[in-house]
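Colleague: Got a structure for you, questions after.
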Amino acid sequence: MGDEGIVLTTPAVGMRALRQLLRTPTGQAVVGECDWDRFIAAKPVANALYQRLRDDTGDAAADGLDVAALLAAPSEQRRASIDQYVRAKVAAVLHFDDVDAVDSTVEFVRLGLDSLVGVELKNSLESAFGVPLPASVALQYPTAEALAEYLDGLLTTETTA
């Protein structure tokens, strides 16, 4: 849960909140802490309510990705940018400090990516690029290079369709 931005409260915080809630007529209440940016990033589909709770605009541009600019770029430059973005996301989900620790040709499993982290990567990429991805995308395309090529194909197919 913490990886997705939801943090459990302590019993003391929960009791204070309960006391406060019992003083006023409230139909429903949720007490807790949430890092909305992290929570939203873990979701495969945009949600208008979550977006309103987010600190920034909630789009991929805030994350350094401009899909429209990517599509306008020459093929080689577009693929290199996608590869860089994928490597950055892999580094983020694996909690690496440096993007350069993720080589484009090294398989994700050799870096420590398991199926759960693979789903987190999938959700993050799906949200950033705005295209649906299979749950096993990190296993089907096991390197940043292969995944970037796949994403490039999806993006260019989406725009020509």
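The values are calculated or read from the model by the stated rules, or taken from the named source; none is laboratory data. Note that this is a predicted model, so its numbers are computed, not measured. Don't worry about glycine lacking a Cβ; one is built from the backbone with ideal geometry, like all the others, and counts go over all protein chains shown. Note: accessible area is taken over every heavy atom of the protein model, side chains too, but ligands, DNA and RNA are not part of it. Shrake-Rupley method; radii C 1.70, N 1.55, O 1.52, S 1.80 Å.
Colleague: So which residues in the stretch 115-149 are under 18 Å from LYS43 (Cα atoms), more than 12 Å from the chain's Cα centre (by Cα) and not hydroxyl-bearing (Ser, Thr, Tyr), if there are any at all?
Modeller: LEU116, VAL131, PRO132, LEU133, PRO134, ALA135, VAL137, ALA138 - these are the residues of the stretch 115-149 that are under 18 Å from LYS43 (Cα atoms), more than 12 Å from the chain's Cα centre (by Cα) and not hydroxyl-bearing (Ser, Thr, Tyr).
Colleague: If you scan the stretch 104-134, which residues turn out to be small (Gly, Ala, Ser) and either at pLDDT 90 or above or crowded, with 19+ Cβ neighbours inside 10 Å (or both)?
Modeller: SER104, GLY112, GLY118, SER124, SER127, ALA128
Colleague: Could you grab the pairs with beta carbons closer than 6 Å, sequence gap of 6+ or different chains, first residue in the stretch 12-37 and over 30 Å from SER124 (Cα atoms), second one surrounded by 10 or more Cβ atoms within 10 Å (Cβ to Cβ) and charged (D, E, K, R)?
Modeller: The qualifying pairs do not exist here.
Colleague: Applying the selection to the stretch 73-103, what residues are open to solvent by less than 60 Å² (accessible area, probe 1.4 Å), assigned to a loop (DSSP other than H, G, I, E, B) and more than 18 Å from SER124 (Cα to Cα)?
Modeller: Residue satisfying the conditions is ALA73 alone.
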